[in-house]
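Quick one: the structure is below, questions incoming.
What follows is calculated from the coordinates using simple rules that are stated; it is not laboratory data. For clarity, every value in this text was computed on a predicted model and none was experimentally measured. Cβ atoms come from the backbone with ideal geometry, glycine included; neighbour counts cover every protein chain shown.
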Amino acid sequence: MESQVTWPEGGENAPRRIGLVEDHESVAIGLAAMLAQEPDLDLVATAGTVPELLAAVHDPTEPARLDLVVLDLRLADGSSPERNVRALRDRGIEVLIFTGADNAFLVRSAARAGVLGVVRKSEDVRTVVSAVRRAASGHQVVTTDWAAAIDGDPQLSSVGLSPRQEEVLTLYASGEKASRVARLTGLSEQTVNDYLGRIRQKYSDAGRPAPTKTDLYKRAVEDGWLPVPERRTRG
């Protein structure tokens, strides 16, 4: 499908800017219709492949003009989900997988590359919109597909954290600030930050980079230091 780009007005209260990579026109039209009713979400760019989307939104003065890309898991160009996710995240853009395919290998591949979540195209409108809104704000979207991908992935290499590092990671990744972690553990704030730097380095060395707090949360869930949040049932 042809790449399309429109940019909203800027400002503090501007809606979240969403990109879509989807090579089925009917799906793209459907998601556009869902988001058109949401004033805080603006679908500003659509393309059939990740390179097309990145080329369409390229602006040297503003390197990351998208808050989120909604990405189809399986594209006609034969690209791998992991490569697509990494290409987007290298540009500072978070990713939500939007898929109709029940392929555990592809879901694991995307999860390993650092997506914020996986949502099925068969979900109802409210669930899809809620997932996009949450991911566009930088939050994890936990679904049974995402949890299963983590539980079933044999390639999640152990990073060998010490008990003290595990404690710091668990507290920090659960949402505590470094200063609060320091008070809870009896360490200095500088020591906590040193621990966090070593933890990030260990994950990077294991091929599982965690440059942000959200990434550390994902790694803590993957390795069992934090529980997988329960999926809310629709009322």
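For the pair SER137 and LEU184, what calculated FRET efficiency results from E = 1/(1 + (r/R0)^6), where r is the Cβ-Cβ distance and R0 = 25 Å, to the nearest 0.05? Don't skip to the end; give the middle numbers.
Working: r = 27 Å, r/R0 = 1.06.
Efficiency for this residue pair is about 0.40.
So if we plug the beta-carbon distance of LYS121 and ASP205 into 1/(1 + (r/R0)^6) with R0 = 25 Å, what FRET efficiency do we get, rounded to 0.05? Provide the component values of the computation, followed by the final result.
On the way: r = 37 Å, r/R0 = 1.46.
The value I calculate is 0.10.
Turning to a different aspect of this structure: How do 187-194, 208-215, 120-127, 45-52 rank on mean C-beta neighbours within 10 Å, highest first?
On the way: 187-194: 15.1, 208-215: 16.9, 120-127: 13.5, 45-52: 21.2.
Averaged packing, sorted descending, gives the order 45-52, 208-215, 187-194, 120-127.
If you take every residue apart from LEU75 with its C-beta less than 12 Å away from the C-beta of LEU75, what net charge results, scoring Lys and Arg +1 and Asp and Glu -1? Don't jump to the answer; show the numbers that get you there.
Details: positive: ARG74, ARG83; negative: GLU22, ASP23, GLU52, ASP72, ASP77.
Neighbourhood net charge equals -3.
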